[in-house]
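Asker: The structure's right below; bear with me while I get my questions together.
The values are calculated or read from the model by the stated rules, or taken from the named source; none is laboratory data. Being a predicted model, the structure only gives us computed values, none of them experimental. FYI the Cβ positions are ideal-geometry reconstructions off the backbone, even for glycines, and counts take in every protein chain you see. Surface areas here come from the heavy atoms of the whole protein model, side chains and all, with no ligands, DNA or RNA. Shrake-Rupley method; radii C 1.70, N 1.55, O 1.52, S 1.80 Å.
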Amino acid sequence: MSALRGVDTLRSCLEGILPAGLATCAPDGTPNVTYVSQLMYVDPEHVALSFQFFNKTRENILANPHATVLMMDPDTAARYRLRIRYLRTETAGPLFERMKATLAGIASHTGMAGVFRLRGADLYRVLAIETVPGRSLPPPVARAPLLPALRRSVDALSGCRSLEHLIDTLAQCLERHFGITHQMLLMADAPRQRLYIVASRGYASSGAGAEIPYGVGVIGVAAREQTPIRIIFPAAEYAYGRAIREQLEGGELADRLEASIPLPGLPDPSSQLAVPVRAGDRLMAVLYVESDQQYRFDYDMEDALVALCAMLGPCMCALQSEAIDDDGTPATPARPPPDAAAPPLRVRYFEQDGSIFLDDTYLIKGVAGSILWALLQDHQTLGRCEFSKRELRLDPRLRLPEVADNLDARLILLSRRLADREADLRIEKAGRGRIRLALARPVSLIAGGVQAA
């Protein structure tokens, strides 16, 4: 059996559900056999083994790069023998981070959390694969194929005419066609090396505006390395909510976790998958899905969502251009003017980080906060309620980055965050390329603690 064909068809053996046996040989011909914690699929011609201890196996492989692996299919108990050749050890980067996350889940599943510590990912070329004779079980009942779900999702996304329509359609497709009920989409803020939630589904609160730094947890590592990160067993150090907050609090990243907008998420997810959304070399977003079911996301699901995100990224990039900003839905009818007799809504703004507080309660920060403050300033001084996206892109007060301003994504975030808060002001669609500031009561603007004139 050729390696090109064989490794792809045997990926279920490489999930870490059952340990694999590794045989190496010393220069004097003395054999050594041991179990390995993780044998990971890399591509049709390569696998990776976890390097955790400098032991006899490590000594042998550095002296003689040839080894043999015995692995078993967890569904059928069929056994396969791989002849492999050691190429190199990676101690950082996408392969290392993927294996580190996977190993954390395996360690938790086997009661070895705190014992397994990945020192490197050893990359091997697969030279040959053979089936080991013996009894095996019938293959499990095949689940519904994923290609039709992928095709229907691609068809739906290709018809979207605005970024907001695209984001909402993605969530619907993941639930309807893939059966994924817990999901988040986080947009990338490259200058600040952070991600912010713009949409979620399946949680008590949307978490719109909650932020995650690059490199933290499944989502942050996927963003930093721009590679899919998948875990099929519970892994506390990669879970969000309680576990990630405990990881950050008290550490050097404590001030980088946005505590004012709670992160949504399952308290103890059993399966997690984060997929980068890219347009060329540019990271646009990260799609994150999770489940309370172990082994919910296998290699095939990862492949399907990676393919979906490969189409999603360029669509996002195109729809964020100024010329494409209308999904054909009618503008929201203008609301009556605010009740002048109502007590004013106190809006406090801090220029240092763009933070906005409504009646002393935190709302949002960053570019989204600067956008809202600029709209409110123009409303108060000029009496304006409607604005074009073109003028906002050119407004120096907003401090938009010169490249990839993500204005549409910021406006979607701001609109949804205001809706979550049930605030007495809204950001609404006012026509092609235009938005409207809708107020239910007067506002009192306070800049940095000093009430604006």
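Asker: How charged is the neighbourhood of Pro228? Take every other residue with its Cβ under 11 Å from the Cβ of Pro228, and add Lys/Arg as +1 and Asp/Glu as -1.
Answerer: Its environment carries a net charge of -2.
Asker: Starting from the 7 Å offset along Cα-to-Cβ, what nm value, one decimal, do you get for the label separation of Ala342 and Asp303?
Answerer: 5.5
Asker: Per-residue counts of other Cβ atoms within 10 Å, averaged by peptide: what ranking do you get for 365-376, 261-272, 16-27, highest first?
Answerer: 365-376, 261-272, 16-27
Asker: What number comes out for the charge environment of Ser270, summing +1 per Lys or Arg and -1 per Asp or Glu over other residues with Cβ under 13 Å away?
Answerer: Net charge around Ser270: -1.
Asker: Which length gain, in nm to one decimal place, applies between Thr361 and Gln380 when the Cα-Cα distance is subtracted from 0.36 nm times their residue separation?
Answerer: Separation in residues times 0.36 nm, less the Cα-Cα distance, equals 4.7 nm.
Asker: For the range 365-424, with only Lys/Arg (+1) and Asp/Glu (-1) charged at the beta-carbon, what is the dipole magnitude about the Cα centre, in debye rounded to 20?
Answerer: 140
Asker: Report the convex hull volume per residue for the range 357-453, counting only C-alpha atoms, in Å³.
Answerer: Each residue corresponds to 104 Å³ of Cα convex hull volume.
Asker: Another question about this same structure. Got the relative contact order for the range 115-214 handy, in percent, Cα pairs under 8 Å and 6 or more residues apart?
Answerer: 15 percent.
Asker: I would also like to ask the following. By per-residue mean of other Cβ atoms within 10 Å, what is the highest-first order of 213-225, 175-187, 35-47?
Answerer: With the highest mean Cβ count within 10 Å placed first, the list reads 213-225, 175-187, 35-47.
Asker: Just to verify a number: FRET efficiency for Leu147 and Ala419, C-beta to C-beta distance, R0 = 35 Å, to 0.05?
Answerer: Efficiency, rounded to the nearest 0.05: 0.45.
Asker: Follow-up. Please list the non-local residues whose amide H lies under 5 Å from the amide H of Leu425, H modeled 1.01 Å from N, same-chain partners needing a gap of 5 or more.
Answerer: Amide H to amide H, under 5 Å and 5 or more residues apart or across chains, Leu425 pairs with Ala440.
Asker: Starting from the amide H of Ala78, placed 1.01 Å from N in the peptide plane, find each other amide H under 5 Å away whose residue is 5 or more places distant or on another chain.
Answerer: Residues meeting the amide H criterion: Asp73, Leu137.
Asker: Same structure, new question: Which far-off residues, 5 or more places away or on another chain, put their amide H under 5 Å from the one on Ala210, with H placed in the peptide plane?
Answerer: Correct list: Ile197.
Asker: What is the extension gain from Val154 to Phe350, computed as 0.36 nm multiplied by their sequence separation minus the C-alpha to C-alpha distance, in nm to one decimal?
Answerer: That pair, Val154 and Phe350, stretches by 66.4 nm at full extension.
Asker: Label points 7 Å out from Cα along the Cβ direction at Tyr35 and Arg119: separation in nm?
Answerer: 2.1
Asker: Can you give the convex hull volume of the alpha carbon atoms of the range 178-218 per residue, in Å³?
Answerer: Measuring per residue, one finds 78 Å³ for the Cα hull of the range 178-218.
Asker: What are the ³J(HN,Hα) values, in whole Hz, obtained from phi via the Karplus relation 6.51 cos²θ - 1.76 cosθ + 1.60 with θ = phi - 60°, for each residue of the range 195-207 in sequence order, with x given for Gly and Pro?
Answerer: Per residue, the Karplus-derived 3J(HN,Hα) values read 10, 10, 6, 10, 7, 8, 8, x, 10, 5, 10, 6, x Hz.
Asker: Report the extension gain between Cys25 and Arg397 in nm, rounded to one decimal, defined as 0.36 nm multiplied by the number of residues separating them, less their alpha carbon distance.
Answerer: Length gained, Cys25 through Arg397: 127.2 nm.
Asker: Additional query: Calculate one ³J(HN,Hα) per residue across the range 158-173 by plugging θ = phi - 60° into the Karplus curve 6.51 cos²θ - 1.76 cosθ + 1.60, and present them in order as whole Hz with x for glycine and proline.
Answerer: 5, x, 6, 10, 8, 5, 5, 4, 4, 5, 5, 5, 4, 4, 5, 5
Asker: What accessible area, in Å² to the nearest ten, does a 1.4 Å probe give for Asp360?
Answerer: 90
Asker: Got a sec? What order do Asp420, Asp28 fall in by accessible area at 1.4 Å, biggest, i.e. largest, first?
Answerer: Sorted by accessible area, descending: Asp28, Asp420.
Asker: Could you give each residue of the range 352-358 its phi-based ³J(HN,Hα) in whole Hz, using Karplus coefficients 6.51, -1.76, 1.60 with θ = phi - 60°, and x for Gly or Pro?
Answerer: 4, 10, x, 6, 10, 10, 9
Asker: Rounded to the nearest 10 Å², what accessible area does Glu391 have for a 1.4 Å probe in the complete protein model?
Answerer: About 70 Å², rounded to the nearest 10.
Asker: Count charges around Leu137 for me, please; just the other residues with Cβ under 14 Å from its Cβ, Lys/Arg as +1, Asp/Glu as -1.
Answerer: Local net charge: 0.
Asker: Could I ask something else about it? Note down the nm distance, to one decimal, between modelled labels 7 Å out along Cα→Cβ at Arg135 and at Thr91.
Answerer: Calculated label separation equals 4.8 nm.
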